[in-house]
1. What do the square roots of 5 times the Cα gyration tensor eigenvalues come to for segment 101-182, in whole Å, largest first, as semi-axes of the equivalent ellipsoid?
2. How do 113-119, 72-78 rank on mean C-beta neighbours within 10 Å, highest first?
3. Between residue 62 and residue 168, what is the label-point separation in nm under the 7 Å Cα-to-beta-carbon projection?
4. Which value results for Rg/Rh of segment 40-83 when Rg is the Cα radius of gyration and Rh the Kirkwood radius based on the inverse mean 1/r?
5. Counting only protein heavy atoms, what percent of the accessible surface of segment 134-179 is carbon or sulfur at a 1.4 Å probe?
6. Which value, in Å², gives the accessible area per residue of segment 58-120 when a 1.4 Å probe is used on the protein heavy atoms?
7. Hey, what's the Cα Rg ratio for segment 137-179 versus the globular rule of thumb, 2.2 N^0.38 Å?
Amino acid sequence: MKDEIISENYTELAKNVDVTKKENQILVGKHLYDAICDFDNRKEAREEYYRIMNTEIEIRGRRQTVREQILRVYAMLFCDDLDLEPGMVAGPDEVEETADRLYIGTACFDPDHWYRMKYHFPVIDDDNYDRFAALVISDLRSGPLHEAVRDGGEMLLVGERNPLLLSEEEWEAQELRPIGLE
């Protein structure tokens with residue numbers, strides 16, 4: 001199942017999220033993940049999050065912010081489900097539409113398995129959609145999800161659209177697709 005996780009295009013795109021500047025190296029991974037997890041509790045974490053996300057990078061001759069690149073990677077993870085073309089950026093609607101469908105290990109609406117509740121994102125909107133997308137990408141790159149996949153543990157799963165509206169039969173019959181960045 002690990003071999004099916006993600007195509008080479010996603011892996012290549014995700015590897016390019018590592019950011020290097022002349023004076024400053026920023027790793028979009030554990031550092032960003034920690035800043036997002038502490039975002040609501042520490043001013044320094046918020047400042048670090050915004051500093052990383054607003055950093056300009058150049059990938060294949062194209063200048064963009066880390067935020068734009070992360071939203072591209074997030075869109076790539078769901079491009080088939082959202083009718084997005086490769087290279088498009090996920091916006092608030094796309095991130096909100098996919099947030100309910102993410103589970104850790106098994107499809108379940110408890111806080112240990114429903115991704116958005118585990119990290120306390122009860123609402124995905126214009127103010128936090130990019131932070132949620134950055135959390136997912138940084139978690140897959142170097143957070144607990146990365147470690148779990150590496151160690152053969154639970155993976156991030158994507159379920160059917162509108163899971164809160166599925167009947168019991170539809171819920172049990174839904175196909176779950178594992179995703180990852182390696």
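The values are calculated or read from the model by the stated rules, or taken from the named source; none is laboratory data. None of these values were measured; they are calculated from a predicted model. Note: ideal-geometry Cβ built from the backbone for every residue, glycine included; neighbour counts use all protein chains shown. With ligands, DNA and RNA removed, areas are computed over all heavy atoms of the protein, side chains included. Shrake-Rupley method; radii C 1.70, N 1.55, O 1.52, S 1.80 Å.
1. Numbers: eigenvalues 85, 61, 20 Å².
They are 21, 17, 10 Å, listed from largest to smallest.
2. On the way: 113-119: 18.3, 72-78: 23.0.
Per-residue Cβ counts within 10 Å, averaged per peptide and sorted highest first, yield 72-78, 113-119.
3. Placing both labels 7 Å beyond Cα along the Cβ direction yields 4.8 nm.
4. On the way: Rg = 13.4 Å, Rh = 12.0 Å.
Taking Rg over the Kirkwood Rh, I get 1.12.
5. Values: 1090 of 2400 Å².
Carbon-and-sulfur percentage of accessible area, whole number: 46.
6. Numbers: 2890 Å² over 63 residues.
Ligands and nucleic acids excluded, the result is 46 Å² per residue.
7. Values: Rg = 13.0 Å, N = 43, 2.2 N^0.38 = 9.2 Å.
Taking N as the residue count of segment 137-179, the ratio is 1.42.
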